[in-house]
Every structure is written in structure tokens, then in C-alpha cells.
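As C-alpha cells, the structure follows; a few thoughts come after it.
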Amino acid sequence: MESCYTIGESFHSAPTNAYFQLHNHNDYEILLFLEGDARYIVEDNIYSLEPGDLILIRKHEFHRIYHNSPSPYKRVILMVSPLFFQENACAEYEAQFLTAPTGTGHKITADTVRSSGLYDAFQRYKKYSEDYKLPFEIPVLKSIITEILYLINQVSHFSSSDFTTNPVKSIILYLNGNYTGEITLDALQEKFFISKYHLCREFRKATGLTVHEYVRRKRLTKVHELRSQGLRIGDAAMEAGFRDYSSFYRAFRKEYGTPPKKDLT
């Protein structure tokens, strides 16, 4: 049986932002930041990072790390499927991922990570798994993952976004609420009183994507979501903002390298 979670530690001696682009997942992501000079973008929020900070990313939230300099970058990433909570009889521990409004409740400070026992739990997992080498299904390892999720669910205070006046934040917030409609650079330029050339440069710098690439990914994610709810693929594509099936087909193929299947989920 396929594991309902994965976890591992990674290190980049000289990270480049070209490698870390905006993306999303069908699972929950928990990132423990250990070393680096970076900030984290989740939807329209931007968070500065200190060693020991924890970042939570929910299903379908667009996110990326942005490196301020090529300082060495070290992190632990825990990916958890929603099925984990069902299969391990801990559905109540999923609340932190389900109840927070989209775009909020992402950063837990290093002080809280340590005082809550979260940091110790990650360290015990690393020790008991022999640096993440042992199989995920070992009972003691699954129990520590369950403990981590329990501790996260007990956290009551999350840090606010650090850059509330950043123009890219406002543009992302607008795109998140309007991506199913027609989006043009000229319209964004007029709405946000910023030249479209400066807009494009700053948006790509912050997200790693062009505005049109970002909108395309948001629409494709919406198609997946609507299909999982039982909508036909053509109807899902139209509701997500594609003009017709052919434009959806081209966008899907450009993004994933393969044509969409009728049973897409």
C-alpha cells in the first residue's frame, strides 16, 4: 500500500530562484526551515524566514521559496495526504488545514515550534528513521507523524504576512479572485497604476512565473478540483475560465507535456 506521507531533509549549497518556482499540490505540505536567507510566498502572503520557522501549505495553495541570496539552504519537508487522517483515526487533527481561510495561517515561528514540542518531534523522527532511511510504514515513525499533526492542530497563533504593501501581493490577491474571467496586462496596468513592464518584472521576480502562466495554473488547478466533484471535463474547463475545450487542451498540454484524459481527476 502506498504511504500517505513522505518526509525528507534536503540541502542546497548555493540555491537559485530559477529552480524554485511557484507550484501547488493535492496534499498538505509542512516545511521546517533550518538554514538559509529566504522568504516564503503562499498565495498573496510573503513571510520572512528564520531557522526553526514552520510553514504550512494547504491543498491547492500556490507557494514557493524565494532566496534573498545564494546562502546555503536546508529544510525538512513533510507531505501528508488527506487520507492519512482517515487511515490513522485522527481526523480531528486535520482541522488546522481545513478551517483556516485560504491564504492565512501559514507561518509558525521558531519560538513556538520549539516550545510546542514540534522541533523535538521532527528530531526524533530523524533519529528513529536513521536520517529518513527507514520505511515510512514503521509504526513508531507513523506515530511521530501523528504527533506532529496533533501538535500543529494545537497551535493558536500564526504570524502575519510581512509585506502587506507589496504590489505583487495585491495583484496575486486580485488574480486569485478573478482568474476565471478575462485577464490582460493592460487591464492590470490600469487597475494597479503600474506599468505592465514593471508589473511583469516584479511579478516574475516574486513568483517565478509570468502573469499568464500563473493564471493558467490557477485555472488548471480549478479544473482538477471541479472534476473531483464530478463535473464533466469540458464543463469544468469552461467554469475554470478557459474559453473553450481547445484552449484548455493546449494549456494542459503546455503545462504537463501530455494531453488531458477524459477521466482526469
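Points to keep in mind about this one:
- The stretch 1-33: number of residues that are hydrophobic (A, V, I, L, M, F, W, C), buried (at least 18 other Cβ atoms within 10 Å of the Cβ) and over 21 Å from T207 (Cα atoms): 2
- Residues satisfying the stated conditions in the stretch 101-118, i.e. farther than 21 Å from D162 by Cα and surrounded by fewer than 19 Cβ atoms within 10 Å (Cβ to Cβ): R114, S115, S116, G117
- The residues of the stretch 34-59 that are open to solvent by 30 Å² or more (accessible area, probe 1.4 Å) and of a type in the set (S, T, N, Q) amount to a single one, S48.
The values are calculated or read from the model by the stated rules, or taken from the named source; none is laboratory data. Because the structure is a prediction, the values reported are computed rather than measured. Note: ideal-geometry Cβ built from the backbone for every residue, glycine included; neighbour counts use all protein chains shown. What goes into the accessible areas is simple: the full protein's heavy atoms, side chains included, and nothing from ligands, DNA or RNA. Shrake-Rupley method; radii C 1.70, N 1.55, O 1.52, S 1.80 Å.
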